[in-house]
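Asks: Below is a structure I'd like to ask you about.
The values are calculated or read from the model by the stated rules, or taken from the named source; none is laboratory data. Bear in mind that the values here come from a model prediction, so they are computed numbers and not experimental data. For neighbour counting, all protein chains shown are included, and Cβ atoms are generated from backbone atoms with ideal geometry for every residue, glycine included. In case anyone asks, the SASA skips ligands and DNA or RNA and just uses the protein heavy atoms, side chains included. Shrake-Rupley method; radii C 1.70, N 1.55, O 1.52, S 1.80 Å.
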Amino acid sequence: MSITLSEKDNGYIEGFAGFEKTAPGGSLGWLKSIREDAITKFSELGFPTPQDEDWRFTNVAPIARGSFDILQNGQGKVSASDLKPYQFEGEQINELVFINGRYSTELSTTARLPKGVIVLNLAEAIDSEQDILEENLAKYADFKDEAFTALNTAFMEDGGFIYIPKGTVVEEPIHLLYISTSGETPSITNPRNLIIAEDNCQANIIEHYVSLDENIYFSNVVTEMVVGENSSLGHYLLELESKKAFNISTLRVQQARSSNIRSHSVLLGGSLVRNNVHPVLAGEGCDSLINGLFMSTHRQHMDNYMKVEHASPHCDSRQLYNGILDGRSRGVFHGRIIVHEDAQKTDAKQTNRNLLLSDHAQIDTKPQLEIYADDVKCTHGATIGQIDENALFYLRSRGISKEASRDIILNAFTNETLESMTVDSVKNYCANLITDWFNQRKLAQKS
Amino acid sequence: MLEIKNLHVNVEDQEILKGLNLKVNKGEVHSIMGPNGSGKSTLAQVLAGRESYKVTEGEIIFEGKDLLELSPEDRACEGIFMAFQYPVEIPGVANTYLLREALNSVRKYRGEEPLKHIEFVKFAKEKMKIMDIGDNLLKRGVNEGFSGGEKKRNEIFQMQILEPKLSILDETDSGLDIDALKVVAGGVNALRSPERAFLIITHYQRLLDYIVPDFVHVLVDGKIVKSGGKELAYELEDRGYGWIEEEKTAANS
């Protein structure tokens with residue numbers, strides 16, 4: 001039986017009734033009530049419109065008007081060799097593979113984990129790790145006010161579950177690879193990831209969204225990352241969806257005292273993309289780096305919504321977000337910093353730099369500072385420009401060709417994002433993606 | 001080596017150079033002095049190939065070639081180098097990377113093999129000593145966060161690496177303290193040879209104490225109005241530019 005979700009004829013509500021019957025953990029009371037709360041909230045909220053301040057520059061009508069199937073089974077079409085292009089060279093990796101949103105046991109490897117670390121798919125964790133889930137799942141990502149989070153929460157069934165016990169260093173990165181092989185009719189997945197690190201832990205987690213076809217589908221992702229005291233986590237989002245796909249991702253991070261996180265986003269794919277990054281610096285002395293690069297072309301729309309919430313004193317946050325826009329693409333950077341009353345000695349900095357490669361590309365960049373404490377340092381800066389002619393002339397005057405000089409300047413711009421990535425294999429993988437992007441652009445210009 | 005004939009140049013529809021003539025032979029050091037706005041930097045930019053400076057009349061012949069037909073990069077490969085008055089900061093591009101790319105571009109143009117990394121390092125080390133450039137300056141982004149003196153030393157360091165036939169220094173001495181000035185002059189003097197020429201654009205005679213020119217030209221209102229030996233520089237230092245402008249007016253009337 002297949003379930004189709006659409007706004008027509010109450011499709012989301014009816015779809016939910018069908019979904020609920022067979023959903024993993026459907027018999028668990030606490031989970032059932034979260035899902036039911038979420039679908040109720042979603043039906044109240046509805047899809048956001050440009051009248052909502054947080055969605056002013058992004059119209060999700062193509063999603064709202066759409067009709068999406070929840071695929072029952074898309075497995076078996078993907079083999080180990082299909083994964084190769086999406087794996088990181090030279091890396092011994094722990095990898096959970098999801099095909100159209102569902103876990104694939106055959107394609108996944110989790111053999112190289114330190115003692116006590118649990119890496120499972122959510123559907124299985126719902127059975128085996130009930131206590132941890134009940135305590136954490138849907139406790140952080142706000143499904144009461146955010147429609148897409150509500151939608152994900154109502155329909156969540158699988159995703160990555162990572163639990164790292166106290167004092168554990170996970171050397172090798174954990175890779176959550178989501179592969180779409182969607183069919184002819186548009187489909188939806190609601191990947192739900194839960195990452196929990198107790199105190200004094202260290203790990204790197206990569207979320208990776210790719211497609212083997214150029215079909216229409218909708219990835220509606222929510223990740224909750226709970227970071228214990230003095231822990232240090234790196235999170236990577238690599239978004240390489242199909243050219244026709246929709247991707248809405250929310251990363252909600254909860255940081256305890258003296259923890260530090262680095263969130264890296266690289267957005268390249270999709271037709272309509274929204275990336276929400278929302279850390280709450282809840283304990284004293286936290287550190288957050290939100291690093292990102294989006295590269296859009298043709299008619300892609302990429303919206304980057306940052307919400308950095310300082311809730312305790314002596315925390316530092318840095319947002320460094322770069323965009324390169326070509327063709328008729330459109331980008332949005334919304335950088336919100338909220339400093340709560342108690343968060344004295346906050347040091348928050350935001351930088352958004354955008355490079356427009358075409359006259360038809362467009363970027364809206366908006367800082368938004370809400371400061372309720374009185375002893376804080378908050379700065380923001382945004383730039384929008386073309387390639388710097390002075391820098392170009394300077395390089396050419398040293399004997400370097402015009403084309404090579406342009407490449408050098410563009411690479412310098414993207415290197416700013418790559419520089420702060422600490423997992424070399426992932427950094428190199430991203431560097432190659434960027435090179436491919438520029439090469440494709442050159443090919444398109446020549447033809 | 002270089003011959004400029006009746007050069008007229010417009011910047012944003014305003015004529016800046018109004019019929020400039022200059023001839024520079026191999027082995028010579030020429031200094032161009034003149035008041036602000038007389039067109040000194042325009043001359044440097046035009047020689048380097050800045051596209052926003054429009055040549056409306058005249059010609060520039062460099063080593064028998066029509067310079068105005070060449071792109072900025074080809075001019076550099078032919079052996080022209082300009083030390084910028086305001087070197088550009090390029091964050092994210094390591095200084096060494098630029099140097100190596102530049103040197104190998106020039107070598108490729110001449111049909112030479114690119115230098116291997118180790119050869120390049122050895123070559124650069126010698127030049128670093130002359131210019132008092134530390135490793136840290138090499139690793140940083142091009143001119144990124146450099147002090148004024150570091151930027152100017154870095155320009156001359158690039159010149160040392162590229163070993164151009166004709167070097168144009170656009171007010172490289174402006175804003176330098178005496179120690180930095182000596183390093184810059186040392187860098188230029190180390191490169192002087194019977195095969196190379198220098199065009200030194202400056203506001204002050206001070207640099208010429210360390211780099212002794214063969215000729216001094218005075219540029220006023222887009223034309224060279226007076227030429228002489230190094231003693232002309234001292235005279236300008238003492239008397240300013242007023243008397244030359246008066247001489248010019250008197251000659252015109």
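Asks: Please provide three numbers in whole Å: the alpha-carbon extents of segment B:107-164 along the principal axes, with the largest listed first.
Replies: 36, 21, 21
Asks: Which lysines, on any chain, are close to A:Lys21 with Cα under 18 Å apart, when same-chain ones fewer than 8 places away are left out?
Replies: Correct list for A:Lys21: A:Lys32.
Asks: Here's a follow-up. Ignore the peptide's own chain and count Cβ atoms of other chains within 10 Å of each Cβ in B:43-49; give me the average, rounded.
Replies: Across the residues of B:43-49, the mean count of other-chain Cβ atoms within 10 Å is 1.
Asks: Pick from A:Ile205, A:Ile118, A:Ile409: which is most flexible by mean-square fluctuation in a GNM of chain A where alpha carbon atoms under 10 Å apart are linked?
Replies: Result: A:Ile409 has the largest fluctuation of those listed.
Asks: Can you tell me the alpha carbon radius of gyration of the protein assembly as shown divided by the globular rule-of-thumb value 2.2 N^0.38 Å?
Replies: Working it through for the protein assembly as shown, the quotient is 1.19.
Asks: Could you work out how far helix B:95-109 tilts from the main Cα principal axis of chain B, as a 0 to 90 degree angle to the nearest 10?
Replies: Here the helix axis deviates by roughly 80 degrees.
Asks: Could you work out the mean count of beta carbons from other protein chains within 10 Å of each residue's beta carbon in B:136-147?
Replies: Going residue by residue through B:136-147 and averaging, the value is 1.
Asks: At a 1.4 Å probe, what is the % contribution of carbon and sulfur to the accessible area of segment A:390-447?
Replies: The value for segment A:390-447 is 47 percent carbon and sulfur by accessible area.
Asks: Given a 1.4 angstrom probe, what's the average accessible area per residue across segment A:390-447, in square angstrom?
Replies: Per-residue value: 44 Å².
Asks: Return, in residue-number order, each cysteine of chain A whose C-beta is not under 4.7 Å from any other cysteine's C-beta.
Replies: A:Cys201, A:Cys378, A:Cys430 - these cysteines have no disulfide-compatible partner (Cβ-Cβ under 4.7 Å) in chain A.
Asks: Most mobile of A:Val266, A:Val117, A:Val97 per a Gaussian network model of chain A (Cα springs, under 10 Å)?
Replies: Highest fluctuation of the listed residues: A:Val117.
Asks: Over chain A, what is the relative contact order in percent, taking alpha-carbon pairs closer than 8 angstrom and at least six residues apart?
Replies: Relative contact order of chain A: 9 percent.
Asks: Determine the shielding of peptide B:80-88 by partner chains: average, over its residues, the number of Cβ atoms on other chains within 10 angstrom of each Cβ.
Replies: Mean inter-chain Cβ contacts per residue within 10 Å come to 3.
Asks: Now, a different point. In Å² (nearest 100), what accessible area is buried between A and B, both sides summed, heavy protein atoms only, 1.4 Å probe?
Replies: 1900 Å²
Asks: Considering only Cα-Cα distances, which of the following residue pairs are longer than 30 Å: B:Lys54/B:Lys230; B:Lys151/B:Lys226; B:Lys40/B:Lys108; A:Lys442/B:Lys151; A:Lys41/A:Lys366; B:Lys182/B:Lys248?
Replies: Table pairs above 30 Å Cα-Cα are B:Lys54/B:Lys230; B:Lys151/B:Lys226; B:Lys40/B:Lys108; A:Lys442/B:Lys151; B:Lys182/B:Lys248.
Asks: I'd like the residues of segment A:398-420 whose 1.4 Å-probe accessible area shrinks by no less than 40 Å² going from the isolated chain to the full set of protein chains.
Replies: Relative to the lone chain, where solvent access is computed with a 1.4 Å probe, segment A:398-420 loses at least 40 Å² at A:Arg398, A:Gly399, A:Ile400, A:Ile408, A:Ala412.
Asks: So with the 1.4 Å probe, I'd like the accessible area per residue for segment A:2-283, rounded to whole Å².
Replies: 37 Å²
Asks: What net charge do the residues around A:Asn354 carry, taking every other residue with its C-beta under 15 Å from that of A:Asn354, with Lys and Arg at +1 and Asp and Glu at -1?
Replies: Around A:Asn354, the surrounding residues sum to -3.
Asks: So how far, in whole Å, is the C-alpha centre of segment A:121-189 from the one of segment B:72-136?
Replies: For segment A:121-189 versus segment B:72-136, the Cα centre distance is 51 Å.
Asks: Also, quick follow-up: Relative contact order for segment A:212-270 using alpha-carbon pairs under 8 Å, separation at least 6, rounded to a whole percent?
Replies: 47 percent
Asks: Where does each of A:His264, B:His117, A:His301 land when they are ordered by accessible area, with a 1.4 Å probe and the largest first?
Replies: Ranking A:His264, B:His117, A:His301 by accessible area, largest first, yields B:His117, A:His301, A:His264.
Asks: Based on Cα coordinates alone, diagonalise the gyration tensor for segment A:2-283, multiply each eigenvalue by 5, take square roots, and list the semi-axes in whole Å, largest first.
Replies: 27, 22, 19
Asks: For a quick check, take a GNM of chain A with Cα springs below 10 Å and name the residue from A:Ser43, A:Ser258, A:Ser79 with the largest mean-square fluctuation.
Replies: Largest GNM mean-square fluctuation: A:Ser79.
Asks: On to the next question. Could you work out how far the C-alpha centroid of segment A:338-394 sits from that of segment A:197-220, in angstrom?
Replies: So the separation of the two Cα centres works out to 26 Å.
Asks: Here is a follow-up. Report, in debye and to the nearest 20, how large the dipole of segment A:2-283 comes out about its Cα centre when Lys and Arg carry +1 and Asp and Glu carry -1 on their Cβ.
Replies: 260 debye
Asks: Relative to the longest principal axis of chain B, what angle (0 to 90°, nearest 10) does the C-alpha long axis of helix B:148-162 take?
Replies: Helix B:148-162 sits roughly 80 degrees off the main axis of chain B.
Asks: Evaluate E = 1/(1 + (r/R0)^6) for A:Asp37 and A:Asp359, where r is the Cβ-Cβ distance and R0 equals 56 Å; express this FRET efficiency to the nearest 0.05.
Replies: 0.75
Asks: Tell me what the protein assembly as shown gives for mean residue ellipticity at 222 nm when only DSSP H runs of n ≥ 4 count, each as -39,500 (n - 2.57), the sum divided by the residue total, rounded to 500 deg cm²/dmol.
Replies: -9000 deg cm²/dmol
Asks: Let me ask something else. Please tell me the relative contact order of segment A:88-195 in percent, rounded to the nearest whole number, where contacts are Cα pairs under 8 Å and at least six residues apart.
Replies: Value for segment A:88-195: 42 percent.
Asks: By its C-alpha gyration tensor, with a ≥ b ≥ c as the square roots of the eigenvalues, how is segment B:62-163 shaped: rounded for a/c under 1.5, else prolate for a/b larger than b/c, else oblate?
Replies: Taking the square roots of the gyration eigenvalues as a ≥ b ≥ c, segment B:62-163 is oblate.
Asks: At 1.4 Å probe size, with every protein chain present, just tell me what the per residue accessible area of chain B comes to in Å².
Replies: 45 Å²
Asks: Ok, one more. For A:Lys84, which lysines qualify as cross-link partners when the Cα separation must be under 21 Å and same-chain residues fewer than eight apart are set aside?
Replies: The qualifying lysines are A:Lys243, A:Lys427.
Asks: Shifting gears a bit: Can you give the accessible area of B:Asp209 in Å² (nearest 10), computed on protein heavy atoms with a 1.4 Å probe?
Replies: Around 80 Å² of this residue is reachable by solvent.
Asks: Residues with beta-carbon under 15 Å from that of B:Ala190, excluding B:Ala190: net charge, scoring Lys, Arg +1 and Asp, Glu -1?
Replies: Combined, the nearby Lys, Arg, Asp and Glu give +2.
Asks: Return the carbon/sulfur percentage of the accessible area of segment A:2-283, one whole number, probe 1.4 Å, all protein chains in place.
Replies: So the carbon and sulfur contribution to the accessible surface is 44 percent.
Asks: Sticking with this structure for a sec: So what's the gap between the Cα centers of segment A:1-28 and segment A:32-78, to the nearest angstrom?
Replies: Using only Cα atoms to place each centre, the spacing works out to 13 Å.
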